[in-house]
Structure formats: C-alpha cells, structure tokens
1. Inside the range A:283-316, can you point out the residues that are open to solvent by less than 40 Å² (accessible area, probe 1.4 Å), under 22 Å from the mean Cα position of the chain (by Cα) and more than 14 Å from chain B (Cβ to nearest Cβ)?
2. Is the range A:78-87 home to any residue that is open to solvent by less than 50 Å² (accessible area, probe 1.4 Å), aliphatic (A, V, I, L, M), more than 29 Å from A:Glu289 (Cβ to Cβ) and touching a residue at least 12 places away in the same chain (Cβ under 8 Å)?
3. Condition first: crowded, with 18+ Cβ neighbours inside 10 Å and at pLDDT below 95. Can you find one or more residues in the range A:48-55 that meet it?
4. Does A:Gly333 satisfy the condition of being within 14 Å of chain B (Cβ to nearest Cβ) and touching a Pro at 6+ places or on another chain (Cβ under 9 Å)?
5. In the range A:129-171, which residues are in contact with an Asp or Glu (Cβ under 6 Å, 6 or more places away or on another chain) and either surrounded by fewer than 16 Cβ atoms within 10 Å (Cβ to Cβ) or aliphatic (A, V, I, L, M) (or both)?
6. Look through the range A:1-47, keep the residues that are charged (D, E, K, R) and open to solvent by 50 Å² or more (accessible area, probe 1.4 Å), and return whichever of them is farthest from the chain's Cα centre (by Cα).
7. Of the residues B:Ala43, B:Ala12, B:Ala65, only one is modelled with pLDDT under 95 and exposed (fewer than 13 other Cβ atoms within 10 Å of the Cβ); which?
Amino acid sequence: MQNKTIKTWSWVHKWSSLVCTAFMLLLCLTGLPLIFHHEIEHLTGMAVEAPPMPEGTPRVSLDKLLMVAKAQHPDRVVQFLFPDEDDANVWFATMTPTPAPTDDFRSVVMDARTGEVLAQPRYDEGFMYVMFKLHVDLFAGLPGMLFLGVMGLLLLVAIVSGVVLYGPFTRKLDFGTVRRENSRRVKWLDLHNLLGIVTLVWLSVVGITGVINTLADPLIKYWQYDQLSTVLQPYQGKPAVPETERASLQGSLDAALRQVPGMQLSFIAFPGTAYSSPHHNTVFLKGNEPFTSRLIQPVLVDAQTNEVTAAPPSPWYINTLLVSQPLHFGDYGGRPMQIVWAVLDVATIIVLGSGLYLWLAKPQGATRRRRAQSTQADESAVVS
Amino acid sequence: MSEQQQELSGKAIWTWPIVLGVLTLVGLIAALFSDGGLGDMLAGLCLWVPALVGLWYGWLRRYRAN
C-alpha cells in the first residue's frame, strides 16, 4: 500500500475514532452491567418469583389479571400485559397515565394462578435504570438514540479503516507480537492492533446491531404505516375504544392463538398504544423454537368484538431488528456467553483507551518526530 | 522475541485474523439457533478462542517468557 493511501486511511481512522471514542467508552461501561441485568436484578431483589405450587395449577383469566392491575392504579391505563420470559406464571402489567408513549410507568407483577400481586418494582429508577438510559438514549429520547446510532456508524468506519491499516502496520511482525522492549507507546500500539483484530468481528456485529437497534422506533412507525395503514383505514381518527366497551381480554388472546396456531404469547398491546391501534388489542405471538421465539407475529383483534381483523407477517426489516437484539445484548447463549461478552467488552475498552493514549502521547517536537520517522515508520501512520 | 525486519506475506498476516473472525461468526450464529445444549457450548467455545488469544499474546505469554 502506498504511503499516501496509508495516510488517507490513517486520517479516516484517527478522526472517526476520536469523534466516537468518548461515547463508545460510555456504551462499553454502561453495557457491562446490562449484560448481567438478570443476575443483578436477582441480587438487588428486583427480580420477582412466583411461589411454588403443584404442577398444572390452573391460571386465572387475563380479565382477572387486568382487573387486579387496574385496582392497584385506578388513575392509570394498562399499555402492555405480558408473561415473564422464564416463568409463564408471572405476569407484568405496564401502567401509564395515558396510552401515549411515556417514561412515567408503573409495573404490577402478578401471579397468574392466584391473581395476587407479587410486587410492584420500580424499573424507572436506580442504578440499572441509569445504566440503561445512558446506554440507549442518553436520557434524550429518540434524538439521543439516533445520535448514538450515528456514533455507532463512526465506530464502523473506524473498524473498517483499522482493518485496512492492520496489514501495513503488522507486515513485519508475527501475529500477536507485542514489542515490550521498545517504548511504552510502541507496546500500546501493538496491544491496540492485537486486541483490535481479535475483537474485530464481535465488535462489528455488536456495532451494526447496536445501530439497527437505535432505529427501532422509526422502524416500528414505518411498519405501521407500511403494513397497517390500509387495514386500519376504517378506524382512522376514532378515539381509543372506551374500557367499558371492550370485550373479554382472554377472548382476544384465544382468538389470536386460534388464528395462528402453534405459537405462544409474547405481549399484548392495548388500544391506543404505540404498538396497537385505537380499536384493537394487538396480540404479539412468538414461535416455539429457539430462533423463531425471537420473531413475532402480530394479530390485530377488534377490542369490541374479539374478531381478528388482520395478522400480517412481520416484514424483513422488523425481523432484522428482532434478530439484532440478542446479537447485541449477548444474553442469548447462557452464562458462558455472558461472561465472554463481558471479556470482549473489556477488551474493547482497552482498544478504545489505547487508541486515545496513542493520540494523546503523540511524539512532540522536531527531534522526537525525526526519530519517530526514521525508526517507527509504521507507527507514525496510525496516529499522524 | 525480536522484531522482524522482513515483510510477511499476506497469508502470514491474515490467516489468524480470518480464523478468529470465522470462529466468532460461527459462535454468534450457533447461539441464535440453540437453547442450551450443544449449540450454546459451541458458541461459548468459538467466542472464547479470540478472547483467550488476546489474553495470551497480550499478557500471559510475557509472564511465561519471564
């Protein structure tokens, strides 16, 4: 590769990295506890478990659960109702002042066999909430998410340019060589290159899926416009169906499961909420296999009559979004996967930190520059 | 270890990075299609290799050399 080409790629690598490094460090640091959120919730008492009861104990109807949740917060509406991923006897109701999207929510956790309230944990405060918000949107909503998405794109540019530079920079070094006998800066350059190349594919996948996740809100809005606007045309402009006029919620779920047999419930979105229409209980079903359980099938059930209005299959961009989530979170392959995710996350922190160090510790002064040019030709390209 | 002066071939430079990259991809995809069992074990194994390679060359090999 010609010197001019190397200089151009070095410039791209330096500036794409520098602009996104602070935010990437923040994402790596806040991502670390999020990898273990289940475990942390258990340790801090945030996790809710249902008491043991004989196998096959019948469950109460969803209408009963809905009534129990509403009794806890009569001034609020239920936006979503869903079972716990690991224990279908534990159900959550998300309650907000209005059906509109908001951060002001309460969670009521119920035992599906007795209808008793198990807990009302606050998921909108505390350490994990702060980590989550900093990681997802910097407490700035959609603009914050999109901003982090742009930073993620810059990270991908930094990764690509780093790969281009890896060849010229290591062309005289066996794989894994770390020149400790040279200056501290050379040692950190070698560590930066080594950890950068071993985490390359992992960080690329986490980066790409992270960028896709930042587009979740616009993608869901586009999905509604793209696939549901025709179906929902007759209901346009109508207010959400009043609670007194709604048919049985259990009936809605049963109708959805009859429409698409062989699936199980992921969550129910109530009329007027972001994932439904003003006139429907939208029942989101998921598959029973490991892979299909990550994909969803929405079924729009008329909230007044419990008739299924539509069950459009999820389009490719929604499926891409859903598959991106486990690939980004890393909590989909058991404990060993979580731990290796954390190790690779720490390796990324070292890559980012060493990149910053290499820029800050750039040789100053003509003498040092001359010496650097004569003895470390390839080192100068990465940071100049 | 001494710094080499001769340039390595493209194959010598890229073999390890490509092997580690392919392992990572296999690991990421294997876990998507499994729920416990063999798939998760394969995923863990494939992802631990690059992590351990970084740890070995970055830090552990130095201690052994010492």
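1. A:Val283, A:Phe284, A:Leu285, A:Ile296, A:Gln297, A:Pro298, A:Ser314, A:Pro315
2. Checked against the condition, which is being open to solvent by less than 50 Å² (accessible area, probe 1.4 Å), aliphatic (A, V, I, L, M), more than 29 Å from A:Glu289 (Cβ to Cβ) and touching a residue at least 12 places away in the same chain (Cβ under 8 Å), the range A:78-87 yields at least one hit.
3. Taking every residue of the range A:48-55 in turn, at least one turns out to be crowded, with 18+ Cβ neighbours inside 10 Å and at pLDDT below 95.
4. Against the criterion (within 14 Å of chain B (Cβ to nearest Cβ) and touching a Pro at 6+ places or on another chain (Cβ under 9 Å)), A:Gly333 qualifies.
5. A:Leu142, A:Met145, listed by residue number.
6. Selected residue: A:Lys4.
7. The conditions single out B:Ala65.
Residues checked against (1) aliphatic (A, V, I, L, M); (2) modelled with pLDDT under 95:
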{"residue": "A:Tyr123", "(1), (2)": "no, yes"}
{"residue": "A:Phe127", "(1), (2)": "no, yes"}
{"residue": "A:His135", "(1), (2)": "no, no"}
{"residue": "A:Gly141", "(1), (2)": "no, yes"}
{"residue": "A:Leu153", "(1), (2)": "yes, no"}
{"residue": "A:Gly162", "(1), (2)": "no, no"}
{"residue": "A:Phe169", "(1), (2)": "no, yes"}
{"residue": "A:Asn182", "(1), (2)": "no, yes"}
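The values are calculated or read from the model by the stated rules, or taken from the named source; none is laboratory data. Keep in mind it's a predicted model, so treat the numbers as computed, not measured. Note: ideal-geometry Cβ built from the backbone for every residue, glycine included; neighbour counts use all protein chains shown. Just the protein is used for accessible areas: all its heavy atoms, side chains included, with ligands, DNA and RNA removed. Shrake-Rupley method; radii C 1.70, N 1.55, O 1.52, S 1.80 Å.
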